[in-house]
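Accompanying notes for the structure given below.
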Amino acid sequence: MDPQTQQRTGENSHDPIPTSILDIHRLISEDVIGPKLLRESAGSESCCIARIPQSLARINLKAYEPKIVSIGPYHHGKEHLNLTQQHKRRFLKFFVAKMEEKGIDPQDLVRAVSKLEGVIRGSYSEDLGLDSDTLVEMIVLDGCFILTLFFVVSGKVVYTNLDDPIFRMPWILPSIRADLLLLENQVPYVLLQTLFQTSKLVTRSGLNEVSFEFFDYSLQKQEAFWEKHYSLEAKHLLDLIRKTFVPVPSQTSNKDSYLTILCCSEETQKSSSESSLNDNGFLGFVLSAKKLHLRGIKFRPRKNTDSILDISFSNGVLHIPPIVMDDFTASVFLNCVAFEQLYAGSSNHITSYVAFMACLINEESDAAFLSERRILENYFGTEDEVSRFFKGIGKDVALDLEKSYLAKVFAGVNEYTSKGFHVHCAEFVHTHFDSPWTFASSFAALLLLMFAALQVFFVSICYIIVLALMINQVFHFFCKSMPVFQNVKFSASLSAKLFAAFFNTFEFLILQKDMLALVNM
């Protein structure tokens, strides 16, 4: 190629690409970009089972992954979960045998699940990449495994294999309960209801009832509590348990509000407003438990309530239901927050609660303080681990405080701690009487002031009495010796009293000056 041709080639190297090479319609073609990882309907109310995004998973990825059993497609086939696949087939064999005893065709299970294939696929945020037969087989296995667990643990069906390790080894069932409440480890609740009704193995109890009996071993609630929730509707098991925590309908606000990134770190707390609204006119986060206590807030464990979310604030007292913090509770919180973030039709009750507790438990000392107040019962680890958990769970979580069910609590606490005599009084008490050493020194100083005041008082009284007697004697002398004063005896006594009062006031001013000098020392 000659130099001129090379030069022309170099000059044209930045010319636009011909449209024959880059076709806009080909660019947007689904065949070119490959299978969709996120369905277009992922934001709809039918889509309720999503992958945990990296922004949440980076804090504690293992908290969202099953440890012993996989349910649904997201973790299906993982090597460390294959052990329970054998148990699923054993449970299915038992399940089918019980159906045949009742004269029910087990093939009805497959037919019922096949009719729900569209609903099942629409419940997941991603394309599953499974054909119909593979999907139906997996769902039937997982659904019957869950129902068998519920029936056996609740005592609705007698299980004859007494040596089954799932029921013999004490660590397996608690691990399964935690795995069944992971967001990525869910199947649609309508599927479980369909299998429950098709099998007809349990007819005197509903699915909610046997589900609650299974999870009650970890949640420890009274039977009357579960009875209130027998009619709950849910998207999956995690949503069912989440709704049992909800004490009241979500409070909403008519005015426009904003999404706050939840991060109750010390820096965020320092920037919180000194009133219920921040500088932009929106609700602000609250201070930590120790700082609120310093500003006069009292903490009381709230009893006679069914839900740990039932927090209230009135007259400077925060009533917080006691919470048992352990690995199971932590896992439920993490996955409920993820569900509320990713499902368009969910309320934000758990997120609001976690936000409030994350603000209160900002440091290790805050966790210890709430433990002393019998609000926090810690089986999770050290107080520092509890603090780091709540601070971590709130990172990169969007929360609309004004639409939170705790909006009035946030506003009330901020308003109470922003101004008022009680704030200064609480700070004074904290400064001078918070520890035994400061209390002892302050008490000693008060005793010295009291003794000094008493000494000055009695000396002043003596001077006043002596002076009053002297003045009274002088007036009596004049009254007796001079006729002109004989009729003014009462006036003389009155004058003596007035002079004594004046002298007492003068001595009090001197006493006050001495007391101020002692305080300044």
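Worth a mention:
- Residue-level analysis places Leu401 among those that are over 20 Å from Lys290 (Cα atoms) and buried (at least 23 other Cβ atoms within 10 Å of the Cβ).
- Output for the stretch 28-51, where each listed residue is among the aliphatic types (A, V, I, L, M) and modelled with pLDDT of 90 or more: Ile49, Ala50
- Those residues of the stretch 70-83 which are surrounded by fewer than 21 Cβ atoms within 10 Å (Cβ to Cβ) and either under 19 Å from Trp171 (Cβ atoms) or not small (Gly, Ala, Ser) (or both), in sequence order: His75, His76, Lys78, Glu79, His80, Leu81, Asn82, Leu83
- Residues satisfying the stated conditions in the stretch 279-313, i.e. of a type in the set (D, E, K, R) and at pLDDT below 90: Asp279, Arg295, Lys303, Asp306
- Looking only at residues in the stretch 131-182 that are in contact with a helix residue (DSSP H, G or I) (Cβ under 7 Å, 6 or more places away or on another chain) and part of a loop (DSSP other than H, G, I, E, B), the one that is surrounded by the most Cβ atoms within 10 Å (Cβ to Cβ) is Leu182.
- Residue identified as closer than 27 Å to Asp239 by Cα, surrounded by fewer than 23 Cβ atoms within 10 Å (Cβ to Cβ), at pLDDT 90 or above and hydrophobic (A, V, I, L, M, F, W, C) among Val386, Val337, Val409, Val354: Val409
- Within the stretch 128-159, considering residues that are polar (S, T, N, Q) and touching a residue at least 40 places away in the same chain (Cβ under 8 Å), the one farthest from Phe214 (Cα to Cα): Thr148
- Flag for Ile59 being surrounded by 15 or more Cβ atoms within 10 Å (Cβ to Cβ), modelled with pLDDT under 90, assigned to a loop (DSSP other than H, G, I, E, B) and on the phi < 0 side of the Ramachandran plot: yes
- Residues located in the stretch 209-218, provided they are closer than 15 Å to Ala178 by Cα and in contact (Cβ under 8 Å) with a residue 40 or more places away in the chain: Ser211, Glu213, Phe214, Tyr217, Ser218
- Selection count, the stretch 183-224, where residues are assigned to a loop (DSSP other than H, G, I, E, B) and surrounded by fewer than 22 Cβ atoms within 10 Å (Cβ to Cβ): 10
- Top-ranked residue of the stretch 341-364 - restricted to ones that are over 13 Å from the mean Cα position of the chain (by Cα) and in a helix (DSSP H, G or I), ranked as farthest from Gly122 (Cα to Cα): Glu364
- Every residue from the stretch 300-336 that is closer than 14 Å to Val246 by Cα and part of a helix (DSSP H, G or I): Val332, Phe333, Cys336
- The listed residues are Ser441, Ser460, Ser418, and the only one of them that is touching a helix residue (DSSP H, G or I) at 6+ places or on another chain (Cβ under 9 Å), of a type in the set (Gly, Ala, Ser), modelled with pLDDT of 75 or more and surrounded by 12 or more Cβ atoms within 10 Å (Cβ to Cβ) turns out to be Ser460.
- For the stretch 57-86, the candidate set comprises residues that are within 31 Å of the chain's Cα centre (by Cα) and of a type in the set (Ser, Thr, Tyr); within that set, the residue that is farthest from Leu135 (Cα to Cα) is Tyr64.
- Residue match in the stretch 62-69 (condition: at pLDDT below 95, exposed (fewer than 13 other Cβ atoms within 10 Å of the Cβ), under 27 Å from Glu340 (Cα atoms) and of a type outside the set (Lys, Arg)): no
The values are calculated or read from the model by the stated rules, or taken from the named source; none is laboratory data. Computed from a prediction, not measured in an experiment: that's the story for all the values here. Backbone-built Cβ (ideal geometry, glycine too); neighbour counts: all protein chains shown.
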